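Reading through the structure tokens given below for one structure.
FYI, it's all coordinate maths here, none of it is from the lab. What you see is a predicted model, and the numbers here were worked out from it, not measured in a lab. So basically every Cβ, Gly included, is an ideal-geometry build from the backbone, and we count neighbours across all protein chains shown.
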């Protein structure tokens, strides 16, 4: 199901929302959505390629604590895969930022 959502351009839509958004509540929700997507290792390369990770990091500019918490959650989710891949000898997702 998640792959179907990703194929419908949700990352681009979320990135556009971030670029045009100023409201901390909206940015918090978008950051949370991207953070959840970061937890799916099958989608991480697509997230990076379509600007999702860059959008997530860009929300730091907001400075709102709730937004920053969601950004941190997304980075943590993303790095869990990196950590598992490096300890298990799997492929690494280097150069995504």
Would you please calculate the Kirkwood hydrodynamic radius of region 10-56 over all C-alpha pairs and express it in Å, rounded to one decimal?
-> 10.4
What is the spin-label model distance, in nm, from residue 42 to residue 60 if the labels are put 7 Å beyond Cα along the C-beta direction?
-> 3.1
